[in-house]
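Worksheet for the structure shown next.
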Amino acid sequence: MASAAPEPRRGGPVTALRDAPGRVGNVVFSGISTGAGIVILAVLTAVASFLLYRSWPALTAAREDFASVGFMRGQGLAEYIAPLLFGTLLSSALALLIAVPLSIGIALFISHYAPRRAAQGLGYLIDLLAAIPSVVYGMWGMAWLVPQLNPFFAWLSGNLGMIPLFAGFQAPARNIMTVGVVLAVMILPIITATTREVFLQTPRLHEEASLALGATRWEMIRQAVFPFGRSGIIAGSMIGLGRALGETMAVLMILSPGFAINAFLLQPGQHQSIAANIAAQFPEAYGLGADVLIATGLALFAVTLVVNFLARWVISRRAEFSGAN
């Protein structure tokens, strides 16, 4: 006697999906991910609200109110923040200008040129640079790098002195360009690690197809690796820029004491980056002076947000362009 056919499960696919193994884990993971995103947005909003609330007295104060703030030297708020912002952006731009090409070259060597054993050792060595404290970088830059770069800076001053940025031994000698070199070394492992991982994810079929058409290894990298890794290069550069913008101790140790940033279109003076200036002035600041320093932090916060939004916009535009093609 033939056995009766099993009765179909009530509810069909919906019930089966609801009772499928791992559903509880999926729900938990989804809830944790959503909660983490909400927490990040809440913290970001709280930080922005705190900075705006604490800096509001400085933002609304008249120029004569800042006479009691000694470190402002009779300047208005905009005049005080502008050179600091200039120094922050200039040092970070110099760091990116040095670090990004080096990072791309190191990442390419590790991912496509070096033998596997040598690539692993070099990758570990580059990653170890991120573990060095910024104080150590500051001491290295102040005690060793500045004397080594002095001849080069003297040559710049002697041969390019007609350019305001290079006029005089103190600008940019021993200050902003030295900071740029130190910051480049500090952000090098971050950009290299991100770029290397993206290069390693390049589809093997794309590389083999390029080589099969007769391309050399360098032509294959230009045709397959660079287009695939462009968004990763931008993302890694923005992560490195974020650290360069907010770096404090290394910049403070190299620029202090007595090293000035000649902000050639701005008024020269004893200025540093925003983060280093806050670290130097905040222990003795009180009242309106503390509000002024928090206002400079708000300016740095706004610059960081703008830079990250621009980076996301560039990445999304390139993704749309690649999808359209």
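Read-outs: derived from the displayed coordinates by stated rules, not from any lab. Here the structure is a predicted model, which means the values were calculated and not measured. Every residue, glycine among them, receives a Cβ derived from its backbone with ideal geometry; neighbour counts consider all protein chains shown.
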- Tell me, what does the Kirkwood hydrodynamic radius of the stretch 80-320 come to in angstroms if you use every pair of distinct C-alpha atoms? 19.5
- Query: Hey, with R₀ at 25 Å, roughly what FRET efficiency would ALA46 and TYR286 work out to, going by the Cβ-Cβ distance, to 0.05?
  - Reply: 0.55
- Around GLY74: net Lys/Arg minus Asp/Glu count, Cβ-Cβ under 15 Å: -1
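Which net charge results when you count Lys and Arg as +1 and Asp and Glu as -1 among the other residues whose beta-carbon is under 10 Å from that of SER92?
Details: positive: ARG243; negative: GLU247.
Residues close to SER92 contribute a combined charge of 0.
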- Task: Note the full-extension length gain between GLU219 and VAL314 as 0.36 nm times their separation in residues minus their Cα-Cα distance, in nm to one decimal.
- Result: 31.7 nm
- Item | Segments 92-98, 62-68, 151-157 sorted - mean Cβ within 10 Å per residue, highest first | 92-98, 151-157, 62-68
